[in-house]
Structures are given as C-alpha cells and as structure tokens.
Amino acid sequence: MQSDAAEGKVEIPHFSEYQRKSFEDSGLSKHAYGESVAEKEDAESFQKAKTDEVLKILQSNSEKGLTNEEVEKRLKLYGYNEVPQKKANPYVRFAKKFWGLTAWMLEAIIILSWFLQRYADLCIVTGLLVFNAVLAFTEEQKASSAVDTLQKKLQVSARTLRDEKWRTLPSRELVPGDIVRVRAGDFVPADVKVVDGTLEVDQSALTGESAIIEKKTGDMLYSGSIIKRGESTGIVVLTGTRTYFGRTAQLVQIAKPKMHIETVISNVVRWLLIIVLALIALALVFSVLEAKNLFDLLPIILVLLLSAIPVALPAMFTVSMAVGSMELAKKGVLVTRLSASEDAATMDVLCVDKTGTITMNQLSVAKRIPLNEFSEKDVILYGALASQEANQDPIDLAFITKAKEQNLFTKSYAQKNFTPFDPATRRTEATIKDEQGNEFKVMKGAVHAVVHACGYDEKTALDLEEQVEEFAAKGYRTLAVAKTDAGDQPKLVGLVALYDLPRPDSKQLITELGELGVSVKMLTGDALPIAKEIAKDVGLGENVMKASHLEQLKKQSPLEAAEAAEKSSGFAEIYPEGKYTIVKSLQATKHIVGMTGDGVNDAPALRQAEVGIAVSNATDVAKGAASVVLTREGLTSIVDLIENGRTIYERITAWILSKIVRTLQIATFVVISFLLTGDYVVSAFAVILYFFATDFVKLAMATDNQTWSQKPNTWNVANLVKVSLALSLLVIAESFALLYLGIYVFDFTVESGTLYTYTFEILFYSAMFLIFNVRERRHFWNSKPSRTLAVAIILSVVAVTLMTAFGIPGLALLPITTTLSVLALSSIFALVLNDSVKVALVRNAKISW
C-alpha cells in the first residue's frame, strides 16, 4: 500500500477537524489533512506548521495570491474579516422594563385602583410605572460601544496580492489564504504567518508584553498588533472572530458585570413587601374575627401597597450616580456606566494591568555599566548619538530622553549619516562630527552583535552575556554601545539596561488603596521574572504566580486555587482570556472587582469587572469596554473614584433607611389605627400626595454631604431593616401620641376630612425630620446637609404648611396653630429624642449601618 508521503500528501497534525471539514466541503485541498487533528483551531496550530505546509493547506501561492473566484468561495465559507455584533431588539428591551418585582407591584395597584374606580390613583401610579421604565431604558441606551470600536479597528486597508496583482483592499475582505504585505507603521489586519522577511512588532495592546517582539519567517503576526520595523510578506491564516483579536471581541460581547443595584432594589422591595403583607394579614385576621366585610379592606390594601413600593429608589440611584459622575468629571474621571460609581464603594479587589497602567509602556534607561575607562555619561551620550529622534523608535527615544535629562548635549554634535536598525546586523550606526571638526562613529545594538563588531574574543563575549542574562532575569533589555575613532577598531563603551519603568504614582496608589481596604493584584502577559521585579518596585511584594500554574491548581483543587488567588499579589504570563477568567473567578467568590487596563487584551476583563477603568492613554477598544475612563495622566484619580463611590453609598443608604422607616410607620400606623378605631385614618389620596411630597424631594439627598467609610462598603439590606426597626419603633409611638391629640384634643374626625389632613401632616413632618436622623450616625449637628438638600426640605415644609392651611381638593384645611404644633412636636421628637437614642445605640453597638 502506497504511503501518504509517496502520494505527495502532507500530514499536518495541528489543524482542527472544523477546518479540515470546511475545506473538504468547499472542495479545497482534500488531500492535505492527515488523520491526526488538534481539538481546536487557533493561531498556535499555524505557528507550529511550516510555511510551505500552510501555503499548501490553504491552496495559496505567495507569488500569485488567490483568484477572485477562490476569494468568493472562501468568503461564503468563512465570512468577512470582522466581528459580528448581536443587537437586541430595543422594543423587547423596553418591554422588559415592565417585568419584575417592582413593576408587578405597581401593575397590581393599577388593577386594584381600576377595580375600586380610583382613577386619579390609577393615572398617578401608571405615570410612575412608565417613568421608571423610560429612565431605566434610557440608561441602558448609554451603554459603552466596545464592539463597535472593535469593528472599526478591523476596518483598515491591507496590501493584498490577488490574481498576481498587488492592490489595496479593505481588510474586511481578507480571507484565509490571501497574501498580504506589511511594513513599519501598519496595523496587522488578520492573523498572518510570515512567508519572508524580518520584523519588529509591538503587540503590547494584545498580550500586555511591553517588549518589542522580533518576528521572522515562519512566525505569526497577530491581528491588532503594530509593525514597528521591517517589511514582510505573509499569508492570512485566520480572520474575523477566529483571530486572536476577534476572540477578544467575542469575550467583550460575552462579558457582563453583575448589576448590584438591581439586587439591592429587589432586596429592598422584598423586605418592604414582607412587612406590608404581614400587616395586611393581621388586618384580614382581625376583620374575619370581627365579622367585617372583607371587601372594605381593599382601600387599606391599596394604601399599604403604595407605601411598600420604593418608587423613587431607581431615580435616587440614577440621580446619586449622575451627581457623583459630574463631581468626578472635574477630577479627570469620566464615568461611562453610572452604576460603576456605586460599585466603586463596594469594590474590594482591584486587578491592575501592568503594561501602560502600572508602568508607562515606555522604555527607559534603568542601569548603565561603563567599560574600558568610559563613564556612565559616555555610555548614554554615545548611545544617544547612535539614535535618531525623528524615527520615534522606543529604544532611540530612551537614550535621547536620558541624555537630555542629564544635559549631555552641551557640545554641538552633527550626525553626518545614520544607519537605522537592520535585522541583519542588529544595530544602528552613525557618523558624528563634533564642534572641533573631529569625526567618529558610534553604534548601539544587540550585545553579541556589537561585541562581535568590536572584535572581542569568545571568553569576553561569554562574560558579557552572563551580565545580559542577569539583567534579563529582572526584565531588563540590554544593549551595547561602542565608539570608533578615525581608523581605529570599535571600542566597547558599555552596556545599557532598558526597562519599562513604573509610573511615578503607582506605588503611592497601591499604598493608598491598601489603606482603603482594597486588595491590588497585578495581571500581565510578561514573563514571571519581569512581573516579580515590577511588583517588588511598586510595593506589591513578590508573591506573583504564573497564570498557567493557577489553572493547573484549579483542576487539582478549586479550593486551593481560590486560596492561592486570594493570597497572590499578581499573575504573570497571562492571556486576555486569563484576565477575563480571573475577574470572573474573583466575582464568583463574592468579591466586587475593579480592573484597570489600556490595551485590546484588557477589554474583556474591563467589560466583565464591576468597575472597569481605562487609563488616559488606553486604546479606543479599552475605553469602549470600560465603565470608567481616566482623562488625566496617572492613576491617583482611582482614589477619588472610590471616595466618591463611598459617598454615593452613604447617600443611598440614608435614603433606604428613611424609606424603610417610613413604610413601617405608615403600614403600622394605618393597620393599628384601623384595628383600634375601625376607621381608615389615612386616605389613599393622602398617601399618594405624601409620597410625591417626600420621595422626589428626597432626591436632593443625592447631593448630601456625607462622610465616607475607610473600608469597602457592603450592601446588607437585612441589617438596614434591623436599624430601621429600632428607629421606626420610636417614630410609630410618636405618631400615635400625635394621633391621640388629634382625636381627643383637637376633635378631628374622618367624616369632616380633618383627620385625613392631620394624619398627613404627622407623616409628612416626621419624614422630613427623619432625614436628619438617618444621614448622620453621630448627632445631627456633626455635619451640615448640602445646600440643595436643606433648601428642598425648607421649600417642601413651607409648601405643605400652606397647602394644609388653605386646603386643597382631597385635603381639608386645618388651623395654622395646629399645623405649627405638629411641626414643632415632630422636630422635638426627631432632633432631641430620636437623635439621642440613635447615638446611644450606635455607641453601644446595638445598631450599625
């Protein structure tokens, strides 16, 4: 039997069953696949394969390219070189706003109001339902456009060989098998295998590796990386979502942070509903025992359900975060997803990308080793003279910047000619003329190349290579500098270690975050030694582990892996999927996670994190995926974000406490008074008016001056209910004391309507002064409310006082003296009695929030 080799077949064990089948179905290269195939198709498979094998598999020719007929066939097979976006129907999304616990309660009240023919109540509650739906939908429409940005990134042009002619085509039209030409400055349009040529590539935006990577024949160029030096021909092997870049795009689409605000609102509604249903059940039992008409309970059920719905809570969240966002914008922090402001309050872990975030993503001179009686300054000077600023080469700029910092260009030097970096010689060279007219040559480049040019023996070269390896273990890139006087042999000036230095404020930020109770973990695609060195420099310690080690540990023991992740100060040699996975893993262990980044490789993790922070020099993709964008250099604005978030948390907490206390007060007051008197002492209209006069006035609490916590906040609605119970017991007792005065001293009755107005005043004034109890854990005078809140309280008190003094439809007028009496007594109860009891309980740790 004839072998495959004898038949001219090529066995490639690295390609997927999917790709093999795709080509068989299309009639392409059926003979090219062996029986052994990998589990999945990826760039690594193409990296392992030889160039001629890839050309044969993809039925392409590096000298002719594909024909238009073949391109059409492959477009049908693979699709366009783009990231398709899934878009939800906006009408469906809007309809979903009418589905959920709060919406159901409002809808139940609408039906009940219609049944009782309370059409005014029906219209008001319907308005509230629609208002909340529109508000939530509008907020969703402002979501970040990360995937759109990814699509735009892929819409670049590519020099492509088609039908034996080179032409410039939109990269969207590239297919596997296309022959493309890339050169310095180009954005790599797809995953490409180099057919010929040598390049230097910046792929830090994709992998997080800060060093420039050399690519030669047979290597892979990843979509999204940038060519820094050289020129090459390559064959397109992967396009669209199958590329390294495209998989990142898919992760961005999949990534979805948990909306903690929705959970908080649901928990608040659930507790309020439990309280109200318990009291309704009590009223039902009483009615059955007293043989009352159960149909008469419908109005009281309507009133109690109205009291249970935190109508203004979603608006309170939105306004609080919008106000906080405006405050942050003044400090160089742009919030693109409002919920990120509140999530920053509860964030307890911050994952920080190394390259471009902790570090500057800019090579700098770290160490200098002068040789042959040259000085450290000579090493920098001659290295800078062997550079050219116009090229904007990162290495050249590192030398020139350091020379300028040390003021080394005091003499006049003229660069007569300059030879840029050549992959063949691996060095730059220049002929220099000084102000005395003396000429000399300088060079800088790879250590072995420069040492060889200087004519050193093998032993000296090996000694220098040891130093290079020592620097490499710390993450340094080492170059040699040499000088040649006229007619002489080049002489080694010294060695220079280059390094992507940490930002000046990185160490300070990590210290401040630690003081705020936020654990920092560094994520990087760089090698472990580099990661450890950076972590040590910025104060994170050296407890950095390889991401692959964590994955192995996870398979053996998920519990040990979780513990290792908790203790680790960072993860090295990590891919975009790894960053995304680590963020999700931390979220699965109940952490609220922040993530900072600047590159395409960070986008999925930025999108998944509750607080995704893109730094000022981030790519458009990273900014689109993030929920927060820093608009100023540096990272210290992250501290402002956390402090602002914790202030917002305190404002919302005060509102929730106020809401729960008021619900307990109204529900208990209505039910107990009904049980005692057999009458409804509060009308449904008064309750609706009460909520309009308090809830939306209390939106001003979104601007209040609050003292933020030094530790991450935690939403514990059950604990807030406990605190509310303590406060509500006082408020309820005071409400019944005032009700006693109204019935037995002022002689107000239900029949005259005066009792409805009077109980409305009791509830309203109590709610206004309750704000001073819940906004401050200490005595109310220890902090001043914001001007907006103070003005809102004063205006609402004045408006209601005039309303009850002159009367409106649905509210009978009361003597002004009675109104002022209720106002005075409510203020004394709240600011003296309740405030003193609250402070005593807090001091004795009986209550806390």
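The values are calculated or read from the model by the stated rules, or taken from the named source; none is laboratory data. Note that the structure is a prediction, hence the values are computed from the model and not measured. Note: ideal-geometry Cβ built from the backbone for every residue, glycine included; neighbour counts use all protein chains shown. To get the accessible areas, we keep the full protein, side chains included, count just its heavy atoms, and leave off ligands, DNA and RNA. Shrake-Rupley method; radii C 1.70, N 1.55, O 1.52, S 1.80 Å.
Structure notes:
- Label corresponding to log10 I(q)/I(0) by the Debye sum over Cα atoms at q = 0.06, 0.07 Å⁻¹ when calculated from the structure given, among (i) -0.56, -0.71; (ii) -0.68, -0.88; (iii) -0.68, -0.81: (i)
- Net length available on complete extension from A726 to D485 is 77.9 nm, with 0.36 nm assigned per residue and the Cα-Cα distance removed.
- C-alpha long axis of helix 298-308 to longest principal axis of the chain, angle in °: 40 degrees
- 32 Å Cα-Cα threshold exceeded, pairs from K228/K546; K623/K722; K48/K555; K97/K722; K216/K377; K354/K483: K623/K722; K216/K377; K354/K483
- Helix axis angle, 787-806 relative to the chain longest principal axis, alpha carbon, degrees: 30 degrees
- Prolate/oblate/rounded label for segment 591-681 (Cα gyration tensor, a/c 1.5): prolate
- Peptides 415-425, 319-329 ordered by packing proxy, namely the average of other Cβ atoms within 10 Å per residue, highest first: 319-329, 415-425.
- For peptides 406-412, 669-675, sequence by mean Cβ density within 10 Å, most packed first: 669-675, 406-412
- Cut-off under 5 Å, modelled amide H: who pairs with D422 long-range: R427
- From phi via Karplus (6.51, -1.76, 1.60), per-residue ³J(HN,Hα) for segment 547-552 in Hz, x at Gly/Pro: 4, 5, 5, 5, 5, 5
- Between helix 576-588 and the chain: long-axis angle, C-alpha atoms, 0 to 90°, nearest 10: 30 degrees
- Amide H contacts under 5 Å for L498: A366, R477, T478, L479, restricted to partners 5 or more places along the chain or on a different chain, H placed in the peptide plane at 1.01 Å from N.
- Local charge for V774 was computed over the other residues whose Cβ lies under 11 Å away, with Lys and Arg +1 and Asp and Glu -1, and equals +3.
- Dipole magnitude of the chain about its Cα centre (Cβ charges: Lys, Arg +1; Asp, Glu -1), debye to nearest 20: 1580 debye
- DSSP-defined antiparallel bridges as percent of all bridges, the chain, nearest 5: 75 percent
- Each Lys and Arg adds +1 at its Cβ and each Asp and Glu adds -1 at its Cβ; summed about the Cα centre, segment 480-535 shows a dipole of about 100 debye.
- Derived scalar couplings ³J(HN,Hα) [segment 57-64; Karplus, 6.51 cos²θ - 1.76 cosθ + 1.60; whole Hz; x for Gly, Pro]: 4, 8, 6, 10, 10, 5, 9, 10
- Å² per residue, accessible surface of the chain at 1.4 Å: 43 Å²
- In terms of accessible area, using a 1.4 Å probe and ignoring ligands and nucleic acids, L741, L664 rank largest first as L741, L664.
- Taking amide H positions as modeled 1.01 Å from N, with prolines and chain starts lacking one, the residues under 5 Å from C351 and 5 or more places away or on another chain are K521, G594, M595, T596.
- Computed from backbone phi, the HN-Hα couplings of segment 492-506 come to 5, 8, x, 10, 10, 9, 9, 7, 7, 5, x, 4, x, 9, 5 Hz, rounded to whole numbers (Karplus: 6.51 cos²θ - 1.76 cosθ + 1.60, θ = phi - 60°; Gly and Pro given as x).
- Carbon + sulfur, % of accessible area of the chain - ligands and nucleic acids excluded, 1.4 Å: 56 percent
- Computed helical MRE - 222 nm, the chain, DSSP H runs ≥ 4 contributing -39500 (n - 2.57), nearest 500: -16000 deg cm²/dmol
- Only the Cβ atoms of Lys and Arg (+1) and of Asp and Glu (-1) were treated as charged; on that basis the dipole of segment 543-683 about its Cα centre amounts to roughly 260 debye.
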